[in-house]
Amino acid sequence: MTSKEYKTITDIKGPLVFLEKTEPVAYGEIVTIRLSDGSMKNGQVLDTSDDAVIVQVFEGTEAIDRQAGVKFLGDVFKLSVSRDLVGRILDGAGRPRDGGPDIVAEEKADIIGAAINPYSRQSPHDFIQTGVSAIDCCTTLVRGQKLPIFSASGLPHNDIALQIARQAKLKDSDEEFIVVFCAMGITAEEYNFFRTDLERTGALENAVLFVNLADDPAVERLITPRLALTAAEYLAFEHDYHVLVIYTDMTNYCDSLRQIGAAREEVPGRRGYPGYMYTDLAMLYERAGIVKGKKGSITQFPILTMPGDDITHPIPDLSGYITEGQIVISRELHQAGIYPPINVLPSLSRLMGGCIGEKTTRDDHKKVSDQMYAAYAEGRELRGLVAIVGEDALNERDLQLLKFSDIFEDKFLRQDRDEDRTIDETLDLCWSLMSSIDEKYLVRLDRELIDKYGQHTE
Amino acid sequence: MSNNEGVIYRISGPVVTATGIDARMYEVVRVGHEKLMGEVIEIHGDQSVIQVYEDTSGIRPGEPVLSTGQTLSVQLGPGLLTSIYDGIQRPLQTLEEVMGVFITRGVDADGLDLEKKWDFVATASAGDEVVGGQIIGTVQETETITHKIMIPPKVSGKIKSIDSGEFNVTEAVCVLDDGTEIKMMQEWPVRHPRPYTQKYAPDTPLVTGMRILDFLFPLAKGGAAGIPGPFGSGKTVTQQSLAKYSDAQLVVYIGCGERGNEMTEVLDEFPELIDPNTGQPLMNRTVMIANTSNMPVAAREASVYTGITIAEYFRDQGYDVALMADSTSRWAEAMREISSRLEEMPGEEGYPAYLSSRLAEFYERAGRVETLNGDDGSVTVIGAVSPPGGDISEPVSQGTLRIVKVFWGLDAGLARKRHFPAINWLNSYSLYPQSLNQWFRDNIASDFPEVRTEISALLKVEAELQEIVQLVGSDALPIDQQLTLEVARMIREYFLQQNGFDPVDAYSGVEQQYAMAKAILTFQDEAKKAMAAGARLQDVVNVPSRTELMRARFAEGYLENIGGLVDDMVGEITGTVEAN
């Protein structure tokens, strides 16, 4: 393809460079820009026509002038993938960051990634035991699912993500996950925390890290998750691995998306985020799953911080419409000293229904989980009432539910950072806690289950 | 002479501008060397703006653009049922055979299998005068559905010859006097409603088996309903339940910009599930369209039109068709995305100014009609709406609510309490009860509307009482109001809640719904009587048979047993008087 260098830059604005009069340039084509001091930058074509081309520069446009030379490489962005990726640390654009050699490509994969044909997907149904009661019982994680953590600044979402990465396994199996970790704009301190923990547990050898830190170029963040997912797809579908992708922080990714949108003077959607953000996020999240005829799987665990703890903010809102549920971290529980501070009420796992029950977890799982939820929800609501009228005004049923909500938080939610409960332990714990409520108020449990597991003493 | 070949001038995401081509609006064109499918959506002088249904990465200015002279159409005929299509009617199964598990581009695929032979049985004979819409023969497409072969609209004449036998969909089964060949396949442009003789007022409910819907907020066959709700409130579960259990004869399910795994779940589940109305696998009456959120956005825009055109085609055969669109918000966002690439002046929240008229046009394609052949058919449309942050003051929800007559409002608060279906009984509404009351009186019970009114009134009173309880606690209420709270709780926990995953509770016939509502009212009456005779509220409420009555709905044969269970309850309540 054309290796001609163009010096036809007309405008430079934010992360974008505008050129005129080029040979026909492909949409999405990769670009290198040579600066007057000889250094190089990379970019990608966002808009192309006979007269003008718009290029988005990953490293930022600093020091680019109108004399800079622009070369179009005739291809879209590809990542060199290989089995050797495992155990490596790369930067946000896919270059080695650990001082190791370049990745020798077994294959070059387009990072945009094609959509999986829904007809070719296999429904996820393998229960993943995370050892965290709140998740296993109430928002069950399934292999091939995309289940984000909705958190906020100052909350221990990283601890929870790491605990899950450490403990996640199929029930009655020791099969481990390959972890693909993707950092977007997090601080060096947070990154070190993840890295140290992965090193400590030996998981680093079975991980691939893509790292774009807070002081790395913001626009580069738009490709970092795509690189991570391309690597994940390769490992899962070409090498049969079960891959767990953790990416943090989606909020930084979306802010970069907004930055590009603003520089292009696009009509903004809500809060200045581009109108196509839903589609853009879907093209990341939808890369989770299992396909027919392949042994591997991709499970995604994105972390996002909700600006101002607001779950209706466009980032958690659009994410929630795409992902198969969410795990919501609560500031209130965190302040009450409860770890993991998971608020099960707004949390949800959409794939849970198909993966729990007699064959996979236990026959009482669904109904126990519903009953725990319902009782806790009502108990929490009563706390508000008690604050006004005092406990004396409550009837017997309400009093029991009120007490249950405290027990729920103290005994069920609370567990140690390295406490790994099996699903049987979790469900037995539920029955033992529910014995504090009169059987007649447990209307979501049927007689058969109560006789089988109930721990009520008459 | 018009020019049918041009070149690409500009590419910006899914929007491509071509020059040198004389295209008509909404004409289908082929873009680039790979011949990607696109549709002309704007013309400026020499430039035609095209929305492309596939990914445009790697396409360059200067590549060719070919016009086809066609507008975006679907192929209609035997083979539609049990199919699963993308937004532009390409069968996903064929795409998998051609491209593997990932959807790449540049593949053209027919919506119908053109080779497959169907057993055509002629019902018209040579010499008959026929007009558009008239049925000339049938094909037993699946065990449940007889596909009726119709003369395409706008065609008429006298039949010269017609033969029964094995044909594929492109062979002529019938020839008219003027030489017009009638094939089993016809094509129809998706953006045009198919014609009918007249629209009727709806008078029959679409029975869904969901108690809160059928009993409190019924939808008529041929009506339109909107289900707005924030994420996690159960829109998709509700839509899927409707697709499974509603008594429509055919279901068109559009997964528009939604999750891939959910579509797969439907695909796995429907062939296994049995239609309670016919005893046949659900898939036999279903056509599915899946354009997931990461598939091309322009094809998402087209998917709802593809779906409703297929629904209308079956309506024209005299069937009652239900169409579920999940979610219309994603469709609206696709319009917004394209509109923003066109640099159109935006309306509210960046949506194009024509959003509400497009929504109205779509929902208006619902209806119960007299078909061209004098038969009676209907299309019922149920659209899910995904309002950002759950706030229904946004343009898509508002545009929808102005048109539909049934509003099933999903509520995140209820979902959090695991009250499913999480439909809020206080703000939901249906404007159909008046026109459907006669049906309920004739088919279920003569006092059905009165029972419904009584149940809704109790729920309304409860909402008012709850406000007081929030301030003073329930013990401070007079005893009769405490009873009302208990009765209302029974309505909520026993009647309104329904477990969509429980094999028995998932579907509740209207007769059973009525029996359950009556059981609640019986409890109220008996409790009042007993308390007037001196029984204590605590004792009345805690009779074990009431809990059993409520729990037994998860067991088979509930409708038969409910009478006995109510009798037991009445007996025990009466017993509480003597115990005192």
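Could you tell me which residue of segment A:429-444 is surrounded by the fewest Cβ atoms within 10 Å (Cβ to Cβ), considering only residues that are in contact (Cβ under 8 Å) with a residue 24 or more places away in the chain and part of a helix (DSSP H, G or I)?
A:Leu429
Here are B:Ala201, B:Ala220: which of them is away from every other protein chain (no Cβ under 14 Å), under 17 Å from B:Ser378 (Cα atoms), buried (at least 22 other Cβ atoms within 10 Å of the Cβ) and not aromatic (Phe, Trp, Tyr)? So that I can check it myself, show each step before the final result.
On the way: B:Ala201 fails: buried (at least 22 other Cβ atoms within 10 Å of the Cβ).
Of the residues listed, the single one that is away from every other protein chain (no Cβ under 14 Å), under 17 Å from B:Ser378 (Cα atoms), buried (at least 22 other Cβ atoms within 10 Å of the Cβ) and not aromatic (Phe, Trp, Tyr) is B:Ala220.
Kindly indicate the residue of segment B:25-51 that is without any contact (Cβ under 8 Å) to a residue 40 or more places away in the chain and more than 14 Å from chain A (Cβ to nearest Cβ) and also farthest from A:Asp110 (Cα to Cα) among those meeting that condition.
Here is the first cut: in segment B:25-51, the residues without any contact (Cβ under 8 Å) to a residue 40 or more places away in the chain are B:25, B:29-33, B:40, B:43-47, B:50.
Checking the rest, the ones that are also more than 14 Å from chain A (Cβ to nearest Cβ) come to B:25, B:29-30, B:40, B:43, B:45.
On the way: B:Met25: 34, B:Val29: 27, B:Arg30: 24, B:Val40: 29, B:Ile43: 33, B:Gly45: 37 Å.
Looking at residues that are without any contact (Cβ under 8 Å) to a residue 40 or more places away in the chain and more than 14 Å from chain A (Cβ to nearest Cβ), I get B:Gly45.
Step by step: first the residues of segment A:435-458, then only those that are of a type in the set (Asp, Glu) and within 11 Å of chain B (Cβ to nearest Cβ), then the one that is farthest from B:Phe501 (Cα to Cα). Which residue is that?
Going through the qualifying residues, I end up with A:Asp438.
So which residues in segment A:258-310 are in contact with a Pro (Cβ under 6 Å, 6 or more places away or on another chain), of a type in the set (Lys, Arg) and more than 8 Å from chain B (Cβ to nearest Cβ)?
A:Arg271
For B:Ile149, only one of the following conditions fails: (1) surrounded by fewer than 21 Cβ atoms within 10 Å (Cβ to Cβ); (2) at pLDDT 95 or above. What is its number?
(1)
Considering only residues that are among the acidic types (Asp, Glu) and either within 14 Å of chain B (Cβ to nearest Cβ) or buried (at least 16 other Cβ atoms within 10 Å of the Cβ) (or both), which ones fall in segment A:71-88?
Scanning segment A:71-88 gives a single hit, A:Asp75.
Among the listed residues A:Val57, A:Val76, A:Val31, which satisfies the condition of being over 20 Å from A:Glu265 (Cβ atoms), in contact (Cβ under 8 Å) with a residue 40 or more places away in the chain and in contact with a Lys or Arg (Cβ under 8 Å, 6 or more places away or on another chain)? Give the derivation first.
Details: A:Val57 fails: over 20 Å from A:Glu265 (Cβ atoms); A:Val76 fails: in contact with a Lys or Arg (Cβ under 8 Å, 6 or more places away or on another chain).
Every option except A:Val31 fails the conditions.
Is one or more of the residues making up segment B:505-519 within 14 Å of another protein chain (Cβ to nearest Cβ) and surrounded by fewer than 20 Cβ atoms within 10 Å (Cβ to Cβ)?
Within segment B:505-519, one or more residues are within 14 Å of another protein chain (Cβ to nearest Cβ) and surrounded by fewer than 20 Cβ atoms within 10 Å (Cβ to Cβ).
Looking at segment A:388-406, which of its residues are at pLDDT 85 or above and small (Gly, Ala, Ser)?
The one that is at pLDDT 85 or above and small (Gly, Ala, Ser): A:Ser405.
Whether any residue in segment B:355-368 is within 14 Å of chain A (Cβ to nearest Cβ) and more than 20 Å from B:Pro205 (Cβ to Cβ) is what I want to check.
Taking every residue of segment B:355-368 in turn, at least one turns out to be within 14 Å of chain A (Cβ to nearest Cβ) and more than 20 Å from B:Pro205 (Cβ to Cβ).
Can you tell me which residue is surrounded by the fewest Cβ atoms within 10 Å (Cβ to Cβ) among those in segment B:413-450 that are assigned to a helix (DSSP H, G or I) and among the basic types (Lys, Arg)?
Among those residues, the one meeting the criterion is B:Arg441.
Filter segment B:549-573 down to residues that are more than 32 Å from the chain's Cα centre (by Cα), within 15 Å of B:Gln512 (Cα to Cα) and small (Gly, Ala, Ser), then give me how many there are.
Selection size over segment B:549-573: 2.
Of everything in segment B:155-179, what is touching a residue at least 40 places away in the same chain (Cβ under 8 Å) and part of a loop (DSSP other than H, G, I, E, B)? Give them in sequence order.
B:Asp163, B:Ser164, B:Asn168, B:Val169, B:Thr170
Based on what the data block shows, is A:Arg380 more than 28 Å from B:Val266 (Cβ to Cβ), of a type in the set (D, E, K, R) and assigned to a helix (DSSP H, G or I)? Working first, answer last.
Numbers: more than 28 Å from B:Val266 (Cβ to Cβ): yes; of a type in the set (D, E, K, R): yes; assigned to a helix (DSSP H, G or I): yes.
Against the criterion (more than 28 Å from B:Val266 (Cβ to Cβ), of a type in the set (D, E, K, R) and assigned to a helix (DSSP H, G or I)), A:Arg380 qualifies.
What number of residues within segment B:99-113 satisfy the criterion of being out of contact with any Phe, Trp or Tyr (no Cβ under 8 Å at 6 or more places or on another chain), free of Cβ contacts under 8 Å to residues at least 60 places away in the same chain, more than 10 Å from chain A (Cβ to nearest Cβ) and not acidic (Asp, Glu)?
Residues meeting the conditions: 2.
Looking at segment A:89-108, can you tell me whether even one residue there is crowded, with 17+ Cβ neighbours inside 10 Å, within 14 Å of another protein chain (Cβ to nearest Cβ) and more than 23 Å from the chain's Cα centre (by Cα)?
No, segment A:89-108 contains no residue that is crowded, with 17+ Cβ neighbours inside 10 Å, within 14 Å of another protein chain (Cβ to nearest Cβ) and more than 23 Å from the chain's Cα centre (by Cα).
Could you list, in sequence order, the residues of segment A:340-388 that are surrounded by fewer than 18 Cβ atoms within 10 Å (Cβ to Cβ) and of a type in the set (A, V, I, L, M)?
Scanning segment A:340-388 gives A:Val386, A:Ala387, A:Ile388.
Got a number for residues in segment B:52-70 being away from chain A (no Cβ under 14 Å) and either under 20 Å from the mean Cα position of the chain (by Cα) or over 17 Å from B:Met185 (Cβ atoms) (or both)?
Here the count works out to 4.
Looking at segment A:18-70, which of the residues that are aromatic (Phe, Trp, Tyr) and not in a strand (DSSP E or B) is surrounded by the most Cβ atoms within 10 Å (Cβ to Cβ)?
Of the residues in segment A:18-70, the ones aromatic (Phe, Trp, Tyr) are A:18, A:27, A:58.
Adding the requirement that they be not in a strand (DSSP E or B) leaves A:27, A:58.
Working: A:Tyr27: 26, A:Phe58: 24.
Going through the qualifying residues, I end up with A:Tyr27.
Exactly one of (1) β-branched (Val, Ile, Thr); (2) more than 8 Å from chain B (Cβ to nearest Cβ); (3) under 20 Å from B:Val472 (Cβ atoms) is unmet by A:Thr361. Its number?
Every listed condition holds for A:Thr361 apart from (3).
Among the candidates A:Pro316, A:Pro340, which residue alone is modelled with pLDDT of 90 or more and outside any loop (DSSP other than H, G, I, E, B)?
A:Pro316
Mind checking which residues of segment B:451-483 are away from every other protein chain (no Cβ under 14 Å), under 19 Å from A:Asn395 (Cβ atoms) and crowded, with 17+ Cβ neighbours inside 10 Å?
Correct list: B:Glu462 only.
What are the residues in segment A:103-140 that are in a loop (DSSP other than H, G, I, E, B) and among the small types (Gly, Ala, Ser), if any? Show your work before the answer.
Taking segment A:103-140 first, the residues in a loop (DSSP other than H, G, I, E, B) are A:103-106, A:111-114, A:117, A:122-126, A:130-132, A:139-140.
Selection gives A:Ala105, A:Gly113, A:Ala114, A:Ser123, A:Gly131.
Checking B:Leu267 against (1) modelled with pLDDT of 85 or more; (2) touching a strand residue (DSSP E or B) at 6+ places or on another chain (Cβ under 7 Å): exactly one of these is not met. Which one?
Every listed condition holds for B:Leu267 apart from (1).
Residue by residue through segment B:199-223, note down the ones that are within 19 Å of B:Ile310 (Cα to Cα) and not in a loop (DSSP other than H, G, I, E, B).
B:Lys199 - this is the single residue of segment B:199-223 that is within 19 Å of B:Ile310 (Cα to Cα) and not in a loop (DSSP other than H, G, I, E, B).
Just one of A:Ile116, A:Ile89 is modelled with pLDDT of 90 or more, under 26 Å from A:Gln326 (Cβ atoms) and aliphatic (A, V, I, L, M); which is it?
Criteria check complete, one pass: A:Ile116.
State the number of residues belonging to segment A:392-431 that are polar (S, T, N, Q) and closer than 14 Å to A:Ser133 by Cα.
Of the residues in segment A:392-431, 3 are polar (S, T, N, Q) and closer than 14 Å to A:Ser133 by Cα.
I'd like the residue in segment B:343-397 that is of a type in the set (Gly, Ala, Ser), in contact with a helix residue (DSSP H, G or I) (Cβ under 7 Å, 6 or more places away or on another chain) and on the phi > 0 side of the Ramachandran plot and, out of all such residues, is surrounded by the most Cβ atoms within 10 Å (Cβ to Cβ).
Only one residue fits best here, namely B:Gly390.
Among residues belonging to segment B:525-580 that are within 12 Å of another protein chain (Cβ to nearest Cβ) and basic (Lys, Arg), point out the one that is surrounded by the fewest Cβ atoms within 10 Å (Cβ to Cβ).
Only one residue tops the list, namely B:Arg551.
The values are calculated or read from the model by the stated rules, or taken from the named source; none is laboratory data. All figures in this text were calculated on a predicted structure; none of them were measured in a lab. Here Cβ is always computed from backbone atoms with ideal geometry, including for glycine, and neighbour counts include all displayed protein chains.
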